[in-house]
Amino acid sequence: MDAEEQERAPSAPDVDATVLLDALPDPVVVIGTDATLRWANAAAEAAFGWRRVEWLGRDLSELVHPDDLSTALLALESVQGKPIGELMEIRVADATGTYRRVELRGRAAVQLPGTGGVVLSVRDVTDRRRWELAAGDHTALAAVLDALPTIALVLTPDGRIRSTNRAFTRMLGHPLDDVVGRPLTDFVTIASTLVLSDQLLVVADGSGRVSFEVEMLAADGSTRPTSLTIVDLVDDGAVDGLVATATDITELVDARERLRHAATHDDLTGLPNRPSIAQHLRAALADAEADGGTVGVVLVDVDRFKAINDRHGHMVGDAVLVEIAARLHDAARDAGLVGRLGSDEFVVVCPGATADGVERVIDMLHWAMRTPIEVAVDRAGVSVQIRVGVSAGSVLGAPGEDPDELLARVDASMYRSKLRRRAKR
């Protein structure tokens, strides 16, 4: 090129090479001949979370996965005598200590002042490799899905089953050929159909994810309490539908019922406990206020129960209470709620009862205790017969009356009855 042509040729911008490298979107690092990091651009800093001042001077062995260190050194050697090195894949630690999988290629021809090493172009391929591994392991993934104890489904946006795993058959007994193509609502109870349909509408309205409980129908007609989660992946090109999981929660539901029963029932006798009695009494009084009726309440106290405990021991005393509870319940269950108020006191709540009706209930309770209670006292089968009497008081609750005040009134009535029984002896 002559002088005239040189004058006409466009001149290169007067920009430092490091500035250009710093503007690149992909990470670029410079490794010195001593295998230490000499320089890194802004993209490298962003990709790996390191501040450049923290990287500079660090040895490759501190950054590269130990199993990949020899590969990294080979990448540096591969540029010797070549314009560009071989493409290598290694794992490099980010600022959190997590190893990222990267592709890198070295170039020795770039001249940067003060580097004296190799420039490496780096590309993070962690996510790409994950997808490649997943795609290559499709058969294993399908086997894992079929082995899961939880039902996994892909649904159309309107809730039809496009595919499911073998857990559907194991849990509910329906052959897969009879399941695919049918609405999921075909496999839940009528009551749960409304719940499921409503939740599908919630997902369609953009909630993205819903979790709720339904009763699923097994092939034999039985039901399974099930926790169902539906996730909206309609906009995901790989799915183009809804993904759902269904988990059998029979044990969880049973545990809930046991906890609920324990909270509302007496451990020893199985009768409703004091909080449950109070709740039932409040409801009965509210109903009485609405229809202008009354509520009969009977309080039963076991006569001389302390003497039974003192003579035979608490185990025999407990057995006596269990038998008394059973007899009182059988005698008065048609009249209302029979519960244990505490210790040796029992209550019968009789909604809508009249004064005469309450007296008939008391007569039935006394009749139930007419025969002695037989209780085993040792493992050899020796038993004793204990004759037990009860004292009973009663009141009629007025509409709007406070439950605690009503229980206090019936307690006073029972105490008067006990005094009368003692006076007759």
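Output the 0 to 90 degree angle, nearest 10, between the alpha-carbon long axis of helix 126-136 and the longest principal axis computed from the alpha carbons of the chain.
Once rounded, one gets 70 degrees.
Could you work out [θ]222 nm for the chain from helices alone, using -39500 (n - 2.57) per DSSP H run of at least four and dividing by all its residues? Round to the nearest 500 deg cm²/dmol.
The helix-only estimate for the chain comes to -12000 deg cm²/dmol at 222 nm.
Once both axes come from the Cα atoms, what is the angle between helix 355-368 and the longest principal axis of the chain, in degrees from 0 to 90, rounded to 10?
Once rounded, the angle reads 90 degrees.
Within the range 356-404, which trypsin sites (Lys or Arg not before Pro) sit in a loop by DSSP and count at most 16 neighbouring Cβ atoms inside 10 Å?
Qualifying residues, ordered by number: 370, 379, 387.
Can you tell me what the convex hull of the Cα atoms of the range 242-373 projects to on average, as an area in nm²?
The orientation-averaged projected area of the Cα hull of the range 242-373 comes to 12.0 nm².
What number results when the radius of gyration of the range 139-253, computed over Cα atoms, is divided by 2.2 N^0.38 Å?
That ratio works out to 1.00.
Arrange the following residues from fewest to most other Cβ atoms within 10 Å of their Cβ: 189, 169, 96.
Going from least to most buried by this count: 96, 189, 169.
Quick one: putting +1 on the C-beta of Lys and Arg, -1 on the C-beta of Asp and Glu, what dipole do you get for the chain around its Cα centre, in Debye to the nearest 20?
2720 debye
Counting alpha carbon pairs within less than 8 Å and at least 6 residues apart, what relative contact order, in whole percent, applies to the range 192-323?
Over the range 192-323, the number comes to 12 percent.
With the dipole of the chain worked out from charges on the C-beta (+1 for Lys and Arg, -1 for Asp and Glu) around the Cα centre, which of 117, 90, 419 lies farthest toward the positive end?
419
Can you sort 413, 383 so the residue with the fewest Cβ neighbours within 10 Å comes first?
Listing 413, 383 from fewest to most nearby Cβ atoms yields 383, 413.
What's the percent breakdown of Cα-Cα distances in the chain across 10 Å bins, shortest bin first?
Cα pair-distance distribution for the chain, in percent: 4, 14, 12, 10, 12, 13, 9, 8, 8, 6, 3, 1, 1, 0, 0.
Going by the alpha-carbon gyration tensor, a ≥ b ≥ c the square roots of its eigenvalues, is the range 225-319 rounded (a/c under 1.5) or, if a/c is not under 1.5, prolate (a/b greater than b/c) versus oblate?
oblate
Report relative contact order for the range 139-253 in percent, whole number only (criteria: Cα-Cα under 8 Å, sequence separation at least 6).
In percent, rounded to a whole number, it is 26.
Take 194, 69, 328 and order them by how many other Cβ atoms sit within 10 Å, fewest up front.
194, 69, 328
Tell me the angle of helix 314-332 to the major Cα principal axis of the chain, expressed in degrees between 0 and 90 and rounded to the nearest ten.
Approximately 80 degrees, to the nearest ten.
Quick one: check the C-alpha center-to-center distance for the range 300-332 versus the range 227-250, whole angstrom.
56 Å
Most fluctuating residue of 71, 226, 156 in a GNM of the chain with Cα springs under 10 Å: which is it?
Ranking 71, 226, 156 by mean-square fluctuation puts 71 first.
Any read-out appearing in this document is the output of simple, stated calculations on the displayed coordinates, not a laboratory observation. Just so it is clear, the structure is predicted and the values come from calculations on it, not from any experiment. Heads up, the Cβs are rebuilt from the backbone with ideal geometry, glycines too, and the neighbour counts pull from every protein chain shown.
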